[in-house]
1. Please list, in chain and number order, the residues 5+ apart from Phe95 or on another chain whose amide H is under 5 Å from its amide H, with Hs placed from the backbone.
2. If you roll a 1.4 Å probe over the chain with all protein chains in place, what percent of the accessible area is carbon or sulfur?
3. From the residues Ala98, Phe155, Ala178, which one has its Cα farthest along the dipole of region 42-180 in the positive direction, the dipole being from +1 and -1 charges on Cβ of Lys/Arg and Asp/Glu about the Cα centre?
4. Counting only heavy atoms of protein chains, what accessible area per residue, in Å², does the chain have with a probe of 1.4 Å?
5. Counting Lys +1, Arg +1, Asp -1, Glu -1, what net charge surrounds Asp149 among other residues with beta carbon under 14 Å of its beta carbon?
6. Would any residue of region 155-173 have its amide N under 13 Å from a label point 7 Å out along Cα→Cβ of Arg195? List them or say none.
7. Per DSSP H run of at least 4 residues, take -39500 (n - 2.57); add these up for the chain, divide by its residues and hand me the 222 nm value, nearest 500 deg cm²/dmol.
8. With Cβ to Cβ distances under 14 Å as the rule, what net charge do the other residues near Ile117 carry (K, R +1; D, E -1)?
Amino acid sequence: AAVRVPAGALLDAGAAAHGVRSYMAFDGGVEAEPVLGSRATDVLSGLGPAPLVDGAVLRLGPPGGPAPGVDGAPHRGVVPELVLPVVLGPRDDWFTPAGLRTLTTGAFRVSAASNRIGLRTEGPSLERAKDGELASEGMALGALQVPPDGRPVLFLADHPTTGGYPVVGVVPEPYLAAAAQAVPGTPVRFTPLGRASWGPPARRSGADGPEKPPGGS
């Protein structure tokens with residue numbers, strides 16, 4: 001909802017009534033100093049404006065006129081169980097068949113150590129088929145990474161861009177909002193959506209030789 005706050009007034013937003021996060025925006029925006037074209041703060045790299053602390057003063061931009069309507073998604077309330085579909089891969093072969101069964105049948109729950117970087121889980125460990133770790137590779141939003149303790153971590157909005165632990169699967173983006181609002185202790189169930197083709201597109205062979213990828217040389 002849009003609320004008019006007179007100059008000098010005190011606005012107490014309170015804790016989130018549903019889920020674990022709420023968001024506040026200001027007409028005119030916050031005039032923080034941009035870093036690399038963004039006014040957001042990356043907590044992993046330390047780039048961007050300093051995180052908010054008690055007593056911080058924020059400059060606001062000029063108001064944009066009458067308060068607009070709020071075009072937000074309706075909140076469905078706290079879910080009794082978080083059900084997350086998973087597309088297996090690209091590193092599901094790093095886990096035994098028993099480990100993959102544990103992923104889709106194990107009793108997981110949201111850990112209190114979760115944050116905007118990732119939803120950490122408590123519960124059984126996924127059994128590995130391969131020892132060691134990978135060279136760092138790209139991490140996508142929704143990646144389900146498995147650290148050495150074997151308990152999956154679902155990467156959320158502030159996730160790292162690279163990592164060396166195997167990614168057993170990826171949760172599609174439409175399901176991540178519910179994951180970001182899941183309170184600690186919420187049961188988590190992962191359901192399989194099959195396995196995607198994670199490799200580069202195959203080249204076709206013909207009379208003129210292998211086809212080049214778009215933009216290739």
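The values are calculated or read from the model by the stated rules, or taken from the named source; none is laboratory data. Keep in mind the model is a prediction, meaning the values are calculated, not measured. Every residue, glycine as well, gets a Cβ built from its backbone with ideal geometry; the counts of neighbours run over all protein chains shown. What goes into the accessible areas is simple: the full protein's heavy atoms, side chains included, and nothing from ligands, DNA or RNA. Shrake-Rupley method; radii C 1.70, N 1.55, O 1.52, S 1.80 Å.
1. Amide H to amide H, under 5 Å and 5 or more residues apart or across chains, Phe95 pairs with Ala129.
2. On the way: 8030 of 14280 Å².
Carbon and sulfur atoms account for 56 percent of the accessible area of the chain.
3. Ala178
4. Working: 14280 Å² over 217 residues.
Here the residues of the chain average 66 Å² of exposed surface.
5. On the way: positive: Arg120, Arg128, Arg151; negative: Glu122, Glu127, Glu133.
Net local charge, Asp149 excluded: 0.
6. The answer is 168-169.
7. On the way: 2 runs with 14 residues, N = 217.
My calculation for the chain gives -1500 deg cm²/dmol from helical runs alone.
8. On the way: positive: Arg21, Arg116, Arg120; negative: Asp42, Asp158.
Net local charge, Ile117 excluded: +1.
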